[in-house]
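Asks: Mind looking over this structure? Questions follow.
Readers should treat all values here as calculations from the given coordinates under stated rules, not as data from a laboratory. Everything numeric in this text was worked out from a predicted model, so none of it was measured. Cβ sites come from the backbone with ideal geometry, for glycine too, and all protein chains shown count toward neighbours.
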Amino acid sequence: MAAIGNLRYRPVRRLTQLYAGLVLYGVSMALMIRSGLGLDPWDVFHQGLARRTGLSFGAVTIAVGALVLLLWIPLRQRPGIGTVSNVVVIGLVVDATLALLPAGGPLAVRIGLLVAGIVGNGAATGLYIGARLGPGPRDGLMTGLVARRPGWSIRMVRTGIEVTVLAVGWLLGGTVGVGTVAYALAIGPLTQLFLARFTVAEPVPVPGRTAPVPAAG
């Protein structure tokens, strides 16, 4: 795999895809918040903290992302430009989108916001991860723990982290509902679908050449 953050290969395509994905991720988060029908586990935690501290949702998202990134140090994880951008861009975009989107509305509209938010989140994940410029801080925490604990599976670690932040977020006042369940059921298949579409092919080394050539597809 190419080194995280290596921009020598297709830099314009990858940077454009990275930031398009991060912006869409922030927008999709705001859509789910405005639906009022439940959030994904990390955003339940973010919302609970925001309600307790009086900070904006985006500010809490940035602060939590930065703190999680510090946990990479003992795990010896290496952040990329996508990792750092993830911490900042998503929080700024979600606050900007929330400022534009009114709260409430008929149930049918709120269901539409929820569906659009979940699908948009899956597409955003495929875009920014597919750019191969570094995982988000929360994803990196998961993979770092798995790498340091060979007996632990990704599924077990992810479930443990998300159940914990969901429970704490709910206790803090975050919104848990049908949207939380819908997200849990849909995000895996959606991410897999969009990753297959958006992942930038790795360059293939060719014997006798100093520069690799793009992989087919």
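Asks: Mean-square fluctuation check for the chain, GNM, Cα pairs under 10 Å: which of G82, G188, G26 is largest?
Replies: Judging by the Gaussian network model, the answer is G188.
Asks: When a footprinting reagent is the concern and you count Cβ atoms within 10 Å, what order do R52, R138 take, fewest first? It would help to have the intermediate numbers written out before the result.
Replies: Working: R52 12, R138 19.
Lowest to highest Cβ neighbour count: R52, R138.
Asks: From the helices alone, meaning DSSP H stretches of at least four residues, give me the mean residue ellipticity at 222 nm for the chain, per-run term -39500 (n - 2.57), in deg cm²/dmol to the nearest 500. Walk me through the numbers before you get to the answer.
Replies: Working: 9 runs with 152 residues, N = 217.
After summing the helix terms and dividing by the residues of the chain, the value is -23500 deg cm²/dmol.
Asks: Between Y9 and R78, take the C-beta separation as r, use R0 = 22 Å, and let me know the FRET efficiency to the nearest 0.05. Intermediate results must be reported in sequence, preceding the final value.
Replies: Working: r = 18 Å, r/R0 = 0.80.
Computed FRET efficiency for Y9 and R78 comes out at 0.80.
Asks: Which residue, L98, L193, L24, tops the fluctuation ranking in a GNM of the chain built on C-alpha contacts under 10 Å?
Replies: L193
Asks: What is the order of S28, S153, S85, fewest Cβ neighbours within 10 Å to most? Mind showing how you got there, number by number?
Replies: Numbers: S28 26, S153 11, S85 20.
Listed from fewest to most nearby Cβ atoms, that is S153, S85, S28.
Asks: Same structure, new question: With everything on Cα atoms, drop me the angle between helix 137-148 and the longest principal axis of the chain, reported from 0 to 90° to the nearest 10.
Replies: 60 degrees
Asks: Would you kindly give the portion of the calculated P(r) for the stretch 12-200 that falls above 21 Å, as a percent of all Cα pairs? Each step should come with its number before you reach the end.
Replies: Values: 8632 of 17766 pairs.
The answer is 49 percent, as a whole percent.
Asks: Please list, by residue number, everything in the stretch 167-189 whose backbone N is under 14 Å from a paramagnetic label point 7 Å out along Cα→Cβ of L107.
Replies: 178-179
Asks: Follow-up question, since we're still on this one. Using a 7 Å offset from the Cα along the Cα-to-Cβ direction at both A201 and V88, what is the distance between the two label points in nm, to one decimal?
Replies: 3.3 nm
Asks: Over the chain, what is the relative contact order in percent, taking alpha-carbon pairs closer than 8 angstrom and at least six residues apart? Please report the intermediate quantities before stating the final value.
Replies: Values: 342 pairs, mean separation 77.6, N = 217.
Here the relative contact order equals 36 percent.
Asks: I'd like the distance between the alpha-carbon centres of the stretch 142-162 and the stretch 27-98, rounded to an integer number of Å.
Replies: The stretch 142-162 and the stretch 27-98 have Cα centres spaced 20 Å from each other.
Asks: Hey, another quick one. Sorted from fewest to most neighbouring beta carbons within 10 Å, what does the list V44, V200 look like?
Replies: Numbers: V44 27, V200 18.
Lowest count first: V200, V44.
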